[in-house]
Amino acid sequence: MKNKPLTISNLSIQPGEKIALALPTPELYTCAKIHIPIHVLHGKKQGPVLVICAAMHGDEMNGIAMIQKLLNLHLLKSLTGTLIAIPVLNINGLIMQSRSLPDQRDLEGSFPGSETGSFASRLAHLLTTEIFSLATHCIDLHAGEPQMEKQPQVHTLMQYEEAKNMARAFGAPVTIDTDSQRGLLWLAHKEENPVPTIIYDTGEPMRLDVHGIREGVKGIVRVMRHLQMLPAQKASAYAEESIVVNSPPWIHSSSSGLCRFYKSLGDRIHKGALIARISDPFGTKNKEEIIAPCDGVILARTSRPIVNEGDTIVQIVETTRSHEPILTEENLHPEPPLS
Ligand SMILES: [Zn+2]
């Protein structure tokens with residue numbers, strides 16, 4: 001079926017059009033105009049409206065790079081439905097290299113927002129009315145929190161069939177089944193017209209995680225194929241079965257000092273393996289060894305070499321069996337690598 005015109009920020013976008021528009025944010029005390037860049041690819045054929053957002057936290061760069069790579073893919077020429085890609089939700093945060101907004105609030109947690117609330121709430125309201133009200137599906141791109149690096153992972157509410165299918169199609173090494181409303185997951189909690197949403201986390205703030213960016217773009221393309229926005233798979237590189245868990249616990253240090261890791265993100269470890277050693281920074285004494293409590297995979301870890309007692313050190317996903325590549329339908333038809 002032929003697509004219909006779409007209106008964003010009083011601009012009418014016709015089927016088959018590909019445009020970049022600038023959505024003005026609420027005004028700051030400088031009265032200087034700040035705009036959020038938005039790419040809209042409005043396919044000729046009607047289909048899902050997929051919204052992909054990055055940099056809700058202004059210090060998270062990986063999602064920006066993923067959207068850049070995605071928009072350069074030739075295969076988007078055969079798009080069905082509509083792709084709305086927002087490389088930077090928090091422009092003010094990007095300018096300041098800060099996680100938060102000028103009012104020191106976090107955009108995450110401010111949705112759906114209010115027309116008369118704080119700056120964060122007004123920005124959330126603007127995005128909700130102009131963009132998220134159009135979405136049928138959503139992918140929210142993040143990095144680890146400050147001083148934390150994360151193995152590529154998807155977070156979603158697996159109780160919703162379509163969100164579960166999106167997470168499966170994405171094919172991240174680990175999927176966290178969560179009922180949290182972090183990021184844009186509030187869209188999936190809406191009472192009226194909930195929007196299937198997944199969060200993809202990789203790397204750390206203020207760094208580009210080349211591996212996580214590449215895997216993220218592949219995952220987004222697989223989701224778009226699943227949603228029939230792109231032609232069916234001709235091919236796909238082997239993706240490992242995603243390990244699905246609830247909320248893996250963190251290991252905290254019980255001493256302070258210099259922390260040296262012996263395992264990397266994504267490493268598969270056996271119970272009893274030495275993960276890290278904390279030593280006296282003023283001498284040679286070892287104060288603590290962080291030992292794997294189970295067989296598993298390292299999902300996240302601190303990026304700080306100096307730790308205080310009680311700090312979070314490492315997060316491990318417990319595995320009870322080997323996760324060898326499995327033959328899913330897409331794996332039977334390997335996809336050429338994305339440039
Ligand atoms: Zn974030």
Which members of region 59-69 meet the condition of being under 22 Å from Leu185 (Cα atoms) and either more than 15 Å from the chain's Cα centre (by Cα) or in a helix (DSSP H, G or I) (or both)? Asn62, Gly63, Ile64, Ala65, Met66, Ile67
Residue match in region 81-96 (condition: buried (at least 22 other Cβ atoms within 10 Å of the Cβ), more than 15 Å from the chain's Cα centre (by Cα), within 12 Å of the ligand (Cβ to nearest atom) and farther than 21 Å from Ser180 by Cα): yes
Matching entry among Leu134, Leu107 (being part of a loop (DSSP other than H, G, I, E, B), over 18 Å from the mean Cα position of the chain (by Cα) and under 22 Å from Met66 (Cβ atoms)): Leu134
Count - residues of region 104-126 that are surrounded by fewer than 17 Cβ atoms within 10 Å (Cβ to Cβ) and either over 13 Å from Gly58 (Cβ atoms) or among the small types (Gly, Ala, Ser) (or both): 7
Is one or more of the residues making up region 163-172 farther than 25 Å from Lys44 by Cα and within 14 Å of the ligand (Cβ to nearest atom)? no
Which one of these is surrounded by fewer than 23 Cβ atoms within 10 Å (Cβ to Cβ), more than 19 Å from Gly266 (Cβ to Cβ) and within 16 Å of the ligand (Cβ to nearest atom): Arg182, Arg225? Arg182
Single residue of region 137-153 satisfying the filter (more than 14 Å from the ligand (Cβ to nearest atom) and farther than 15 Å from Asp209 by Cβ) that is farthest from the chain's Cα centre (by Cα): His137
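Values in this text are rule-based calculations from the coordinates and carry no lab data. Here the structure is a predicted model, which means the values were calculated and not measured. Here the Cβ is made from the backbone with ideal geometry for all residues, glycine too, and neighbour counts use every protein chain on show.
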